[in-house]
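**Student:** Starting off with a structure, shown below.
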Amino acid sequence: MALFKDPDRMIVDDVQVETLSRQRSYDIVATKLMPDDDLDTPTVFACELRIPEASYEVTKSVVYYPGK
């Protein structure tokens with residue numbers, strides 16, 4: 001799992017990743033605290049999950065407006 005910050009798709013360091021097993025599936029959460037002063041307006045975050053053995057890849061994005 002990787003967390004990226006646009007516009008240059010920079011990898012976000014020191015992300016805490018938690019994986020929880022639920023019967024025959026998993027929940028995964030990525031967390032990172034960042035000061036609003038370090039972010040552009042708006043900032044696009046993208047989270048990418050890859051499972052190469054299953055040929056599976058999914059990306060979720062969110063737009064964040066610092067100070068709002």
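**Student:** Restricting to the range 2-64, what percent of DSSP beta bridges are antiparallel, rounded to 5?
**Tutor:** If we restrict to bridges inside the range 2-64, about 100 percent are antiparallel.
**Student:** Still on this structure, please answer the following. Quote to one decimal, in nm, the extra length available between Val29 and Val58 on full extension: 0.36 nm per residue of separation minus the C-alpha distance between them.
**Tutor:** 9.1 nm
**Student:** Now a separate question. With charges set only on the Cβ (+1 for Lys and Arg, -1 for Asp and Glu), what does the dipole of the range 10-63 come to about its Cα centre, in debye to the nearest 20?
**Tutor:** Charge dipole, the range 10-63, about its Cα centre: 440 debye, nearest 20.
**Student:** In units of 2.2 N^0.38 Å, what is the alpha-carbon radius of gyration of the range 4-46?
**Tutor:** Rg over 2.2 N^0.38 Å, computed on Cα atoms: 1.47.
**Student:** Give the calculated FRET efficiency between Met10 and Ile51 to the nearest 0.05, with a Förster radius of 22 Å applied to their Cβ-Cβ distance.
**Tutor:** Once rounded, the FRET efficiency stands at 0.40.
**Student:** Would you mind calculating the relative contact order of the chain from Cα pairs under 8 angstrom and at least 6 residues apart, reporting the percent as a whole number?
**Tutor:** 32 percent.
Every read-out reported here was derived from the displayed coordinates using simple, explicitly stated rules and does not represent laboratory data. All values derive from a computational prediction rather than experimental measurement. We place every Cβ from the backbone using ideal geometry, glycine too, and count neighbours over all the protein chains shown.
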